[in-house]
Amino acid sequence: MKVLEINGGKTLEGTIRISGAKNSAVALIPAALLADTTSTICNVPDITDTDALAEILKYLGAKVSRASESIVINPTTIENKEIPKELSTKLRASYYFMAALLGKYKYVEMYFPGGCNIGARPIDQTLKSFKALGATVEEKDNHYKIYAEKLVGTHIYLDMPSVGATINALLASVKASGETVIENAAKEPEVVNLAVFLNRMGANITGAGTSEIRIQGVDKLEGCNTEVIPDRIEAGTYVILGALAGNKLKVDNIIPEHIEMLTLKMKEMGVDMEIGSDYIITSKTDNLKPITVKTQGYPGFATDLQQPLTSLLTQANGTSVLEETIYENRFQNVPYLNKMGANIEIDNRKINVTGKSELVGCEVTATDLRAGACLILAALAAKGTTKVNDVEHVLRGYENIVEKLTDVGASITLKDE
Ligand code: EPU
């Protein structure tokens, strides 16, 4: 088990440079196999989730090389074979291979994907999209065999604007014959990043970033160069950290518009912040006001930022109410925050956070990626030493977190136990 030991209470100053977005990179890497030639993806974060996808590509026979922040994928040597369970279950995004392989070879065999344990994460909308395009789905004990003689463009209505289902519908339909329309599509910037990549390959996709995406199927896709957008969730996490423990902490190389739902909420709280064209500077602010927050699909408040934000809500004077509408079980950070001195009550899908609380270091556990981020923020703001267990979850999504925090003055050590 990997653990972090954090001596809190230090003032954090300087600049944190944000990496490429995990949730974009994990879609672009499988998408590269749709092309007939080599693609280069730049600004790929060096995290265990991107490693796991590169491993799947290599297992399938692709030539994959990484240099600095780029990954070069030559798919010409791929052999479409079953992706074994241990590779599928490493992460949620493995199921983008379901769509990419189906889209290219009209056949795929793999297992139900993995991912953080934050509540039920069905894939029914993805499977519905495959079936609408003409595929047959056979499932037994979480093993899927999906095939089609021909994929034919169609109208797909998603019951909820699922990021994963939108990406899978795009990947599966991009080479289908005729037009596919995805209604109630997810509008997240990661979907747009993927559509830009596929269009550069020669796809014909319009409307990405809106709730209706139109795809005119094409026969051939050629490899190209593309770039992963900055990680808005990593950015948001460190912007929150600035408000907890920063002195003009600069979060750089970002698209501030992608986290406007967060910065607007932080302004409501009274956080001292400066928003530039590609950076945000925040400082620890006293007399924070409580707020109400409800998670929603983009451009609403991102569920991935609600747990990190909770650490800041503990420092507001009064009761904040935070409602989680996307996942059933995304409050596993709460008992640990309470152990650190917070006063938070869970009320079904809502939490009431009453502050201001003095946080004190103790032993806590990162139950999932963003819960871990929340506890690390709380630990950096707390008095004394916090030990965060199971930080493998955090390393899946935050590139060089120890180095980045050390560089701005944090006392943080990663250990194996
Ligand atoms: N849903 C269904 N059926 C489906 C798909 C989704 O019922 O077929 C439901 C889920 O149960 C969940 C909700 O819809 O309640 C959201 O699921 P969605 O498909 O949008 O999530 P995802 O694609 O599995 C991605 C990110 C998540 C992020 C959500 C935000 C990746 C690899 N994961 O997940 O990221 O929270 O979008 O909607 O892109 C994270 O980075 O910490 C993380 C969990």
Legend entry - Highest-MSF residue in the chain out of Val251, Val137, Val108 [GNM, Cα springs under 10 Å]: Val137
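Can you give me the relative contact order of the chain as a percent, contacts being Cα pairs under 8 Å and 6 or more apart?
Values: 1071 pairs, mean separation 88.2, N = 417.
Value for the chain: 21 percent.
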Inset, instruction - Would you please give the residues with an amide H less than 5 Å from that of Val293, counting only those at least 5 places away or on a separate chain, with H modeled from the backbone geometry? - result: Val321, Leu322, Glu323
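Could you work out the helix-only [θ] at 222 nm for the chain, with each DSSP H run of four or more residues adding -39,500 (n - 2.57) and the total divided by the number of residues, to the nearest 500 deg cm²/dmol?
Details: 14 runs with 135 residues, N = 417.
Only helices count here, giving -9500 deg cm²/dmol.
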Inset, instruction - Report the relative contact order of the range 234-318, percent, no decimals, based on alpha-carbon pairs under 8 angstrom and at least 6 residues apart. - result: 33 percent
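With an 8 Å cut-off on Cα pairs and a minimum separation of 6 or more residues, tell me the relative contact order of the range 22-227 in percent. All intermediate terms of the calculation are to be shown ahead of the outcome.
Working: 484 pairs, mean separation 42.8, N = 206.
Computed value for the range 22-227: 21 percent relative contact order.
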Inset, instruction - Beyond 26 Å, what share of the Cα-Cα pairs of the range 22-227 is found? Please give it as a whole percent. - result: 23 percent
Inset, instruction - Name the most mobile residue of Ala148, Ala243, Ala21, meaning the one with the largest mean-square fluctuation, in a Gaussian network model of the chain with Cα contacts below 10 Å. - result: Ala148
Inset, instruction - List every residue whose amide H lies under 5 Å from the amide H of Leu288, counting only residues 5 or more places away in sequence or on a different chain, with H placed 1.01 Å from N in the peptide plane. - result: Asn317
Legend entry - Hydrodynamic radius by Kirkwood, which averages 1/r over all alpha carbon pairs of the range 1-71, in angstrom: 14.3 Å
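On alpha carbon coordinates alone, what is the Rg over Rh value for the range 302-408, Rh being the Kirkwood radius?
Working: Rg = 13.0 Å, Rh = 13.8 Å.
Answer for the range 302-408: 0.95.
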Legend entry - Cα long-axis angle, helix 303-313 against the chain (0 to 90 degrees, to the nearest 10): 0 degrees
Legend entry - Of Glu109, Glu345, Glu86, the one that fluctuates the most in a GNM where the chain has Cα springs shorter than 10 Å: Glu86
Legend entry - the range 376-390 - phi-based ³J(HN,Hα) in whole Hz, Karplus 6.51/-1.76/1.60, Gly and Pro as x: 5, 4, 4, 5, 5, 8, 7, 7, x, 9, 10, 10, 9, 7, 6
Legend entry - Farthest positive-ward along the range 22-227 dipole, Cα basis, beta-carbon charges - from Ala169, Ile182, Leu101: Leu101
Inset, instruction - At a temperature of 37 °C and a viscosity of 0.692 mPa s, determine how fast the chain diffuses translationally according to Stokes-Einstein, using the Kirkwood radius over alpha-carbon pairs as Rh; express D in µm²/s, rounded to the nearest whole number. - result: 151 µm²/s
Inset, instruction - Could you check the simple spin-label distance between Thr292 and Lys383, using points 7 Å along Cα→Cβ, in nm with one decimal? - result: 3.4 nm
Inset, instruction - Express the C-alpha Rg of the range 138-220 as a ratio against the empirical globular expectation 2.2 N^0.38 Å, rounded to two decimals. - result: 1.09
Legend entry - Degrees separating the helix 189-201 axis from the principal Cα axis of the chain, which is the longest one: 30 degrees
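What is the magnitude of the charge dipole of the chain about its Cα centre, with +1 placed on the Cβ of each Lys and Arg, -1 on the Cβ of each Asp and Glu, and no other charges, expressed in debye to the nearest 20? All intermediate terms of the calculation are to be shown ahead of the outcome.
Working: 43 positive and 52 negative charges, 32 e Å.
For this selection, approximately 160 debye.
Please get the size of the charge dipole for the range 1-145, origin at its Cα centre, with Cβ charges of +1 on Lys and Arg and -1 on Asp and Glu, quoted in debye to the nearest 20.
Numbers: 18 positive and 16 negative charges, 38 e Å.
I would put it at about 180 debye.
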Inset, instruction - Please list the radius of gyration and Dmax for the range 277-346, considering alpha-carbon atoms only, with Å as the unit. - result: 13.0, 39
Legend entry - Under 5 Å, built H, 5+ apart or other chain: amide partners of Tyr157: Glu183
Inset, instruction - Calculate one ³J(HN,Hα) per residue across the range 271-282 by plugging θ = phi - 60° into the Karplus curve 6.51 cos²θ - 1.76 cosθ + 1.60, and present them in order as whole Hz with x for glycine and proline. - result: 5, 7, 9, 10, 10, x, 6, 9, 8, 9, 10, 10
Legend entry - Calculated SAXS-style log₁₀ I(q)/I(0) at q = 0.14, 0.17 Å⁻¹ - the range 207-287, Debye, Cα scatterers: -0.57, -0.70
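Within 11 Å, Cβ to Cβ, of Lys265, how many net charges do the neighbouring residues add up to if Lys/Arg are +1 and Asp/Glu are -1? All intermediate terms of the calculation are to be shown ahead of the outcome.
Numbers: positive: Lys267, Lys289, Lys294; negative: Glu260, Glu268.
Residues close to Lys265 contribute a combined charge of +1.
State the extension gain, in nm to one decimal, for the chain segment bounded by Glu323 and Asp141, taking 0.36 nm per residue of separation less the distance between their alpha-carbons.
Values: separation 182, 0.36 × 182 = 65.52 nm, distance 3.39 nm.
This chain segment gains 62.1 nm when fully extended.
Among 407-415, 314-322, how do they line up by average Cβ neighbours within 10 Å per residue, starting with the highest? Walk me through the numbers before you get to the answer.
Details: 407-415: 16.4, 314-322: 19.6.
Peptide ranking by packing, descending: 314-322, 407-415.
Between Thr206 and Lys248, what's the calculated FRET efficiency when r is the beta-carbon distance and R0 is 30 Å? Round to 0.05.
Details: r = 42 Å, r/R0 = 1.40.
The value I calculate is 0.10.
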Inset, instruction - Kindly express, to the nearest 10 degrees and within the range 0 to 90, the angle between helix 96-105's C-alpha long axis and the longest C-alpha principal axis of the chain. - result: 10 degrees
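Calculated FRET efficiency, Asn225 and Asn80, Cβ-Cβ r, R0 25 Å, to nearest 0.05?
On the way: r = 25 Å, r/R0 = 1.00.
The pair Asn225/Asn80 has a calculated efficiency of 0.50.
A short reminder: the numbers here are calculations on the coordinates, not readings from a lab. What you are looking at is a predicted structure, and each value in this text was computed from that prediction instead of being measured. Because the Cβ atoms are built from the backbone with ideal geometry, glycine has one as well, and the counts that use them run over all protein chains shown.
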